[in-house]
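Contents: one structure, followed by commentary.
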Amino acid sequence: MNHSSINWPNDLSEKVFKQKYWQQKPVLVRNLFSKDIVKNPPITQSEIIRISQTDLVPTKCIYKGKAWHVKNGPLTPTFLKKIESNCWTILIDKINTQLTYADRFFHLFNFIDLFRLKDLMVSLSNKGGGVGPHFDSYDVFLVQAYGQKLWQLSHRFDRTFTNNPDLKILKYFKSEEEFVLNPGDVLYLPPNVAHNGIAIQDTSITYSIGLRTPNILDLTDKVFFYHMENISFDSDSLLDYKKIKPSTNPMAFSDQLANQISGKISNLFPKPAEIKKNLVKSITESDDEILDRVGNNEISFSDFHFLLGKNNLNINPSMKAIFWKDNFFYNGEELDLSTLSEKQYRIIKSLLEELIIKRMISVKSVSRIKSSCILEILFFLYQQNLVTFKHLSI
Ligand SMILES: [Fe+2]
């Protein structure tokens with residue numbers, strides 16, 4: 001699986017998609033992934049069932065009897081047996097963090113900015129299964145991976161929900177257009193388009209590539225969080241009481257005191273360059289518990305070097321990283337590359353870019369490395385479990 005796995009049709013290139021549909025209107029792209037998905041699905045039915053029985057990532061089952069129900073995971077074999085005669089869908093969030101091939105498939109979508117890519121959710125339905133008509137506040141690419149699914153869309157719709165507060169299912173959904181998706185077909189939906197997917201046969205598998213819509217308040221919170229971590233406590237941050245005359249009115253808060261405090265607080269606000277740097281840190285944050293799934297063996301530097309000569313080095317699927325202004329940021333941290341020579345910097349940059357985009361550094365790329373400084377950086381990432389020689393599966 002690589003970037004040539006994406007086959008934009010002649011009449012819908014990536015450029016046309018971005019100009020005409022991205023953030024604007026739904027579009028169905030037939031056979032965007034046909035060959036790969038059919039031959040070698042990145043997530044199989046048995047993996048979905050196995051992961052749904054663990055607590056590695058959030059899992060739930062939505063099923064329909066007289067009304068819609070939801071059961072949060074882990075799902076037990078007894079529960080799955082119980083709902084056999086219902087229409088059901090098992091949903092697993094963030095499955096890209098659990099399986100190397102799911103992560104690689106997910107990152108084929110990096111024709112969209114990496115920081116907008118949120119996660120890959122997989123759903124497995126039996127015939128008639130779905131999650132009910134609903135709308136999302138973010139964009140999504142719905143990839144049909146196995147079996148067929150009917151998708152119904154509505155642009156103007158009544159936002160009344162059914163009375164199950166755990167499920168935001170639209171009560172009065174009326175389909176305005178319909179598509180049947182076959183394996184390899186992809187339906188792009190911008191935010192706030194109501195949609196309803198119904199499996200046409202047993203074993204219908206859909207991958208949902210969810211996109212992040214950053215909320216400015218959340219980002220502000222994170223930017224200030226990183227800033228507060230960096231502020232060192234110095235005497236300048238203390239209030240200078242000597243300059244403040246005691247008030248004659250105990251109920252008053254003097255202007256002088258208010259000015260002194262607000263002035264000191266304003267001086268502590270982050271400057272634009274720091275805001276941007278903290279923003280970069282915040283968009284590379286990852287979930288620590290999920291990050292821990294890669295447990296590398298404790299090995300010496302020379303053993304690491306030896307293994308590197310024979311194996312590709314894979315990214316930990318939970319690692320989020322980008323280059324910004326010549327610095328490397330990963331999982332809310334910054335890797336200091338300032339001590340490297342210009343040549344060493346060029347080499348490590350190209351290796352780390354290969355790691356982020358292709359999700360691994362190939363043996364061939366590593367074989368060219370002569371500098372121990374660069375190998376030490378890779379060894380550091382290995383010790384942090386951010387890269388691994390393993391292929392994750394369940
Ligand atoms: Fe949805």
ask   = among the aliphatic types (A, V, I, L, M), surrounded by 13 or more Cβ atoms within 10 Å (Cβ to Cβ) and assigned to a loop (DSSP other than H, G, I, E, B) - does that describe any residue in the range 180-188?
value = no
request  = Any residue in the range 138-149 that's closer than 9 Å to Leu181 by Cα: show its pairings with residues that are near the ligand (Cβ under 10 Å from one of its atoms) and of a type outside the set (Val, Ile, Thr) at Cβ separation under 7 Å, as long as the two are six or more apart or on different chains.
outcome  = Lys149/Gly197
The range 110-154: number of residues that are acidic (Asp, Glu) and more than 12 Å from the ligand (Cβ to nearest atom) = 2
task = Scan (1) crowded, with 20+ Cβ neighbours inside 10 Å; (2) away from the ligand (no atom under 13 Å from the Cβ); (3) over 12 Å from the mean Cα position of the chain (by Cα) for the single condition His107 breaks and write down its number.
result = (3)
query = Are there any pairs, at least 6 apart or on different chains, whose C-beta atoms fall under 8 Å, with the first in the range 261-284 and assigned to a loop (DSSP other than H, G, I, E, B) and the second basic (Lys, Arg), and if so, which?
reply = Thr284/Lys320
request  = Return the total of residues in the range 328-348 being without any contact (Cβ under 8 Å) to a residue 40 or more places away in the chain and assigned to a strand (DSSP E or B).
outcome  = 1
ask   = Do we have any residue at all in the range 56-68 that's out of contact with any Gly (no Cβ under 9 Å at 6 or more places or on another chain), assigned by TED's automatic domain parsing to the domain that holds Ser204, surrounded by 21 or more Cβ atoms within 10 Å (Cβ to Cβ) and of a type outside the set (Val, Ile, Thr)?
value = no
query = Hey, any hits in the range 155-169 for a residue that's within 16 Å of the ligand (Cβ to nearest atom), buried (at least 17 other Cβ atoms within 10 Å of the Cβ) and assigned to a strand (DSSP E or B)?
reply = no
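The values are calculated or read from the model by the stated rules, or taken from the named source; none is laboratory data. In this text, all values refer to a predicted model and were calculated from it rather than measured experimentally. Don't worry about glycine lacking a Cβ; one is built from the backbone with ideal geometry, like all the others, and counts go over all protein chains shown.
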